[in-house]
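In what follows, a single structure is set out as structure tokens and then discussed.
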Amino acid sequence: MHGSEASAASVLFGLNPMWVAAILFAITYIVVMTEKVNRAIVSLLAAGLMIVLGVLNQEAAIRGIDFNTIGLLIGMMVIVAITRQSGVFQFLAIWSAKKVNANPWGILVMISLVTAITSAFLDNVTTVLLVVPVTLLITEELKVKPYPYLFSMIFASNIGGTATLIGDPPNIMIGSATGLTFNDFAYNLAPIILVIMAATLIPIYFIWGRHLKATPEDRQRVMQFNEHEAVTDPRLLKQCLGVIGLVIGGFVFAKALHLEAATVAMTGAALLLLLANLGRDAEHQSKHVLEAFNEVEWITIFFFVGLFIVVHGVDGTGLLKLLADKMLALTGGNLTATSMIILWSSAILSAIIDNIPFVATMIPLIKAMAPTFGGPEGLMPLWWALSLGACLGGNGTLIGASANLVVAGFAERAGQPIRFIQYTLLAFPIMLMSIAISMVYLYWRYL
Amino acid sequence: MNAKILMNPHPMTLRPSDTVATAADRILKHHLRHLPVVDAQGRYLGTFSIYSLLKLTLPKAVLDKYGLDNVSFITENIGDLAHRLDGRREDLVQDWLNIHEVAHPDTPAMEVMLLMLNGRTTSVPVVDKTSNRLEGIVSFWDVLEKLMGENA
């Protein structure tokens with residue numbers, strides 16, 4: 001495919017398409033990193049320029065958009081938009097806090113687990129948006145510092161998100177581009193994610209956990225919370241849990257049913273919209289459907305659309321193939337060395353830059369390595385290295401993942417700001433530990 | 001008619017360094033809903049109101065803009081709420097200000113009334129356009145008295 005699409009369009013002014021694409025691509029990355037211009041604007045503008053300057057034509061650009069990723073993201077966002085109204089996440093957080101008798105360290109562990117498990121199935125940002133407010137309430141009632149809880153939640157959301165196909169955008173992209181299924185992700189990543197989650201709680205225990213204390217009276221106040229009151233709409237809750245069950249079932253059996261992930265998610269979203277709107281008149285239906293659609297993060301979606309076009313443009317010029325060859329030359333075509341380079345570089349880069357454009361770029365680059373490693377099958381360890389590196393790397397700094405920034409926003413408003421340097425000094429080493437565990441795992445299981 | 005005619009030019013005010021206890025006393029004693037807060041130069045900084053007191057009574061976590069929209073699972077009694085408010089008696093009013101939309105002396109009466117309606121407030125601070133000095137405060141009661149007086 002390389003080169004053929006590029007020649008379909010004619011490059012303006014006789015410029016070398018590879019250079020035009022490379023420069024546009026570099027500018028996109030830099031401007032996204034500066035955060036001076038909204039990332040959706042940057043990526044759409046760069047995509048437009050790719051076409052206008054003739055690196056690729058519109059037809060090729062549209063082929064570059066991975067609609068499976070887009071559909072899966074939108075479908076899950078709609079499902080979450082409706083589910084969050086049911087109050088189920090507050091219920092889970094309170095219920096889990098009471099299960100450990102409102103013991104401060106116990107609550108930290110439980111809230112981390114709730115965050116990790118929820119993040120594995122839902123968007124990380126949504127998860128923390130729903131769980132942080134209850135956590136802040138609980139820490140306020142217990143008169144303990146919220147910082148350790150928020151720190152753990154950031155880690156839990158990114159670690160949990162790594163475990164499944166739908167947990168984190170990099171996994172969605174990798175799954176969609178390679179045909180790896182929900183089950184593949186669960187089978188290959190979930191076991192090590194459990195280990196990493198447990199290992200992450202160890203330093204957190206020694207730094208903060210063993211010092212967390214609350215008086216019996218304050219604990220009693222949390223024990224008196226009535227979690228059943230948090231569920232605002234029991235009928236909606238049942239509908240949501242039913243549809244989420246069906247959707248996860250759909251993912252698990254996607255291969256046998258010959259379904260793509262986007263079909264499962266979008267159909268699930270449509271079904272939930274139908275159930276939640278049964279019995280409402282046309283006007284109220286429009287209102288509720290619009291509300292659900294408004295909750296879709298369109299900035300992220302359009303960022304993806306633009307980015308897919310930009311990366312496809314770059315890919316079409318053969319630049320990524322060139323980079324892949326350079327990387328293989330560096331590792332001597334050794335699978336172990338290549339996996340380790342991908343794992344560590346993904347982790348460190350994802351801590352600093354947005355992991356979405358990084359993974360979008362790495363996917364065609366890794367695909368180009370297939371001949372060296374005996375076809376697409378041989379690339380498996382590389383995909384897991386990319387996923388583990390890109391998802392877990394997000395923990396390294398406060399800007400490593402969007403969920404981190406959302407948690408930091410809450411902390412700031414609650415008057416307990418999470419400082420960038422203070423966070424990085426602890427988080428970066430803990431992130432490196434998780435990558436070291438991933439390295440041992442990859443080596444032991446695949447290499 | 002404009003804000004200058006409608007306003008009370010000598011409203012009761014607070015200083016940013018006043019405590020919540022002082023503010024609560026005045027609100028209770030004079031049955032006022034909104035007390036404008038001004039600095040030493042008389043510049044308007046914000047308003048301490050009965051809503052500030054309500055906020056002080058609730059856990060901080062429920063006040064966040066992305067906070068909990070349903071708190072019926074919290075089973076606190078009036079004693080717990082009073083205890084929380086009591087713990088914040090010595091807080092400074094400057095940390096609990098609401099910033100209201102302000103009017104200027106020449107703002108037309110209808111605009112002032114619209115500010116009240118849209119801001120869900122019963123009083124609008126009137127400040128000087130350039131110095132931001134508080135010139136007075138228009139309360140809903142002042143407006144209503146004037147309106148009823150017209151018909152009498």
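With K and R counted +1 and D and E -1, the other residues having a Cβ less than 11 Å from that of B:Gln94 yield a net charge of -3.
Within chain A, the longest run free of exposed loop sites, counting trypsin sites (Lys or Arg not before Pro) that sit outside DSSP helix and strand states (H, G, I, E, B) and have at most 15 other Cβ atoms within 10 Å, spans A:281-418. When chains A and B come together, the accessible area they lose, probed at 1.4 Å and totalled over both chains, is close to 1500 Å². Taking label points 7 Å from Cα along the Cα-to-Cβ direction, A:Glu377 and A:Asn226 give a separation of 6.1 nm. Do the alpha carbons of any pairs in A:Lys145/B:Lys65; A:Lys99/A:Lys213; A:Lys99/B:Lys60; A:Lys36/B:Lys65; A:Lys98/B:Lys60; A:Lys36/A:Lys367 sit beyond 29 Å of each other, and which pairs? Beyond 29 Å: A:Lys36/A:Lys367. Modelled label positions at A:Leu425 and A:Glu59, each set 7 Å beyond Cα in the direction of Cβ, lie 5.9 nm from each other. By the Kirkwood approach, averaging reciprocal distances over each pair of separate Cα atoms, the range A:336-447 gets a hydrodynamic radius of 14.7 Å. Using the Kirkwood radius over C-alpha pairs as Rh, can you work out the diffusion coefficient of the protein assembly as shown via Stokes-Einstein at 10 °C, viscosity 1.306 mPa s, in µm² per second? The Stokes-Einstein estimate is 58 µm²/s. The fraction of accessible area contributed by carbon and sulfur in the range A:109-232 is 65 percent, rounded to a whole number (1.4 Å probe; ligands and nucleic acids excluded). Seen against the Cα atoms of chain A and their longest principal axis, helix A:88-99 is set at about 50 degrees. Taking other residues whose beta carbon is less than 15 angstrom from the beta carbon of A:Glu260, and scoring Lys, Arg as +1 and Asp, Glu as -1, yields -1. Every helix of 4 or more DSSP H residues in the protein assembly as shown counts as -39500 (n - 2.57), and over all residues that averages to -21000 deg cm²/dmol at 222 nm.
Residues of the range A:393-412 that bury at least 30 Å² of accessible area once all protein chains are present, compared with their chain alone (1.4 Å probe, heavy atoms only, ligands and nucleic acids left out), are A:Phe410. 3J(HN,Hα) couplings calculated from phi for the range A:339-353 with the Karplus curve 6.51 cos²θ - 1.76 cosθ + 1.60 (θ = phi - 60°) are, in sequence order, 4, 5, 4, 5, 4, 6, 5, 4, 5, 5, 5, 5, 6, 9, 10 Hz; Gly and Pro show x.
Scan the range A:216-307 for chymotrypsin sites (Phe, Trp or Tyr not before Pro) in coil per DSSP, keeping those whose Cβ has at most 15 other Cβ atoms within 10 Å, and list them by number. Taking the range A:216-307 and a limit of 15 other Cβ atoms within 10 Å, the loop chymotrypsin sites (Phe, Trp or Tyr not before Pro) found are A:Phe253.
Grouping the Cα pair distances of the range B:80-152 into 10 Å bins from zero gives a pair-distance distribution of 17, 36, 25, 17, 5 percent in increasing distance order. Rolling a 1.4 angstrom probe over the protein heavy atoms with all chains in place gives the protein assembly as shown an accessible area of 46 Å² per residue.
Taking amide H as placed 1.01 Å from N in the peptide plane, the amide H of B:Asn2 sits under 5 Å from that of B:Ala109, each at least 5 places away or on another chain.
The calculated FRET efficiency for B:His83 paired with B:Asn132, based on their beta-carbon distance and R0 = 45 Å, is about 0.75. Once Rg and the Kirkwood radius are both taken over the C-alpha atoms of the range B:3-151, their ratio Rg/Rh works out to 1.02. Of the GluC sites (Glu not before Pro) found in the range A:33-141, those in coil by DSSP whose Cβ has at most 14 other Cβ atoms within 10 Å are A:Glu35. Rounded to 0.05, the FRET efficiency of the A:Asn334 and A:Lys213 pair, given R0 = 45 Å and the Cβ-Cβ distance, is 0.30. The figure for A:Ser345 is an accessible area of roughly 40 square angstrom, using a 1.4 Å probe on the protein chains alone. The GluC sites (Glu not before Pro) found in the range B:26-131 that occupy coil by DSSP, while having at most 14 further C-beta atoms within 10 Å, are B:Glu90, B:Glu101. Largest GNM mean-square fluctuation among B:Leu92, B:Leu32, B:Leu56, using chain B with Cα springs under 10 Å: B:Leu32.
The accessible-area ordering, largest first, of the residues A:Ile437, A:Ile309 stands as A:Ile437, A:Ile309, per a 1.4 angstrom probe. Under 14 Å of direct C-alpha separation, and excluding same-chain neighbours fewer than eight residues apart, A:Lys287 reaches these aspartates and glutamates: A:Glu295. Couplings 3J(HN,Hα) for the range A:215-223, derived from phi with the Karplus relation 6.51 cos²θ - 1.76 cosθ + 1.60 (θ = phi - 60°), are 6, x, 5, 5, 5, 4, 5, 5, 5 Hz, where x marks Gly and Pro.
Remark: spin-label model distance B:Arg43-B:Asn8 equals 2.6 nm, labels positioned 7 Å along the Cα→Cβ axis. Amide H contacts of A:Ile418: A:Glu412, each under 5 Å away and 5 or more positions distant or on a separate chain (H built 1.01 Å from N in the peptide plane; Pro and chain starts excluded).
Report D for the range A:226-265 in µm² per second (integer): Stokes-Einstein, Kirkwood Rh on Cα pairs, 25 °C, 0.890 mPa s. In µm²/s, the coefficient is 212.
For the range A:48-134, the gyration tensor built on C-alpha atoms gives a prolate shape. Its axis ratio a/c (a ≥ b ≥ c) is at least 1.5, and a/b is the larger of a/b and b/c. Computed from the C-beta positions of B:Asp25 and B:Tyr66, the FRET efficiency with R₀ = 25 Å rounds to 0.15.
The values are calculated or read from the model by the stated rules, or taken from the named source; none is laboratory data. Being a predicted model, the structure only gives us computed values, none of them experimental. With ideal geometry, Cβ positions are generated from the backbone for all residues, glycine too; neighbour counts draw on all protein chains shown. We work out accessible area using only protein heavy atoms, side chains counted, and drop any ligands, DNA or RNA first. Shrake-Rupley method; radii C 1.70, N 1.55, O 1.52, S 1.80 Å.
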